[in-house]
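Worksheet: the structure to be examined is printed underneath.
The values are calculated or read from the model by the stated rules, or taken from the named source; none is laboratory data. Just so we're clear, the structure is a prediction, and the values are computed from it rather than from any experiment. For neighbour counting, all protein chains shown are included, and Cβ atoms are generated from backbone atoms with ideal geometry for every residue, glycine included.
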Amino acid sequence: MAKELSKKETSGELIDKQMTVLKANTELSEPEIQKFYSDFKNECPSGTMNKEQFYKFYKRILVSKEKDLSFVDNMFAVFDQNHDGSIAFSEFVLTLAMLKKRDLNGTLNLGFEMMDISGDGYISYEEMVDFLEKILRLTDPEDKKDMNSKLLTIGIFNMFNLNKRQNISKKQFIDGCKNNQSIAEIFGFS
Ligand SMILES: [Ca+2]
Ligand SMILES: [Ca+2]
């Protein structure tokens, strides 16, 4: 017990438990994870990445075009898996690994996590309006200029047999997109 505590306190190394989890859930080797970790500690000496540091990382690594910055808060919500306001190293690595998986389930899961900014496991009417507004602003204005994010959201909630005071769970969302091509198309998931 004492040994474990002192190890945690004194070293800048990853604790074994974290390493085991990261190795099991990513395709990274132990040296790769250690390298990631020392880079992360360089950028974020406190050991966690705050929102400001994430913005810099996002601009540098994740987006090439300035306009894509509109989704930075949505992406922060994806990385900050426990929604405590900062990104721990394990959250950082696990999310990057998740982003690399580009199958349909992974895409739908990512879409859900991006929309669920509050992190309560449900998409509210407001969260979907906010997300669709950003999509509409980004995508071809000719194509979707007549679309209104509020009307669109009400339409989608109707397809789920929900009213705007209700919420969509992750399972509902993923099943709904799989079973109804038009929902998936709206989000560009198809
Ligand atoms: Ca966190
Ligand atoms: Ca939510």
Over segment 91-129, the set of residues more than 10 Å from ligand 2 (Cβ to nearest atom), polar (S, T, N, Q) and either at pLDDT 95 or above or within 11 Å of the chain's Cα centre (by Cα) (or both) is THR95, THR107, ASN109
Considering segment 65-90, residues that are among the small types (Gly, Ala, Ser) and more than 16 Å from ligand 2 (Cβ to nearest atom), and then whichever is nearest to THR48 (Cα to Cα), we arrive at ALA88
If you go through LYS134, LYS164, the only one that is within 30 Å of THR26 (Cβ to Cβ) and among the basic types (Lys, Arg) is LYS134
Check: Looking at segment 82-103, is at least one residue of a type in the set (A, V, I, L, M), surrounded by fewer than 18 Cβ atoms within 10 Å (Cβ to Cβ) and within 14 Å of ligand 1 (Cβ to nearest atom)?
Finding: yes
Is one or more of the residues making up segment 90-108 over 30 Å from SER169 (Cα atoms), of a type in the set (Ser, Thr, Tyr) and free of Cβ contacts under 8 Å to residues at least 24 places away in the same chain? no
- Item | Test for GLU133: is it under 17 Å from ILE183 (Cα atoms), free of Cβ contacts under 8 Å to residues at least 40 places away in the same chain and either within 16 Å of ligand 1 (Cβ to nearest atom) or not in a helix (DSSP H, G or I) (or both) | no
Every listed condition ((1) more than 16 Å from ligand 1 (Cβ to nearest atom); (2) surrounded by 14 or more Cβ atoms within 10 Å (Cβ to Cβ); (3) under 20 Å from GLN18 (Cα atoms)) holds for SER38 save (2)
For segment 165-179 the number of residues that are part of a loop (DSSP other than H, G, I, E, B) and modelled with pLDDT under 95 is 0
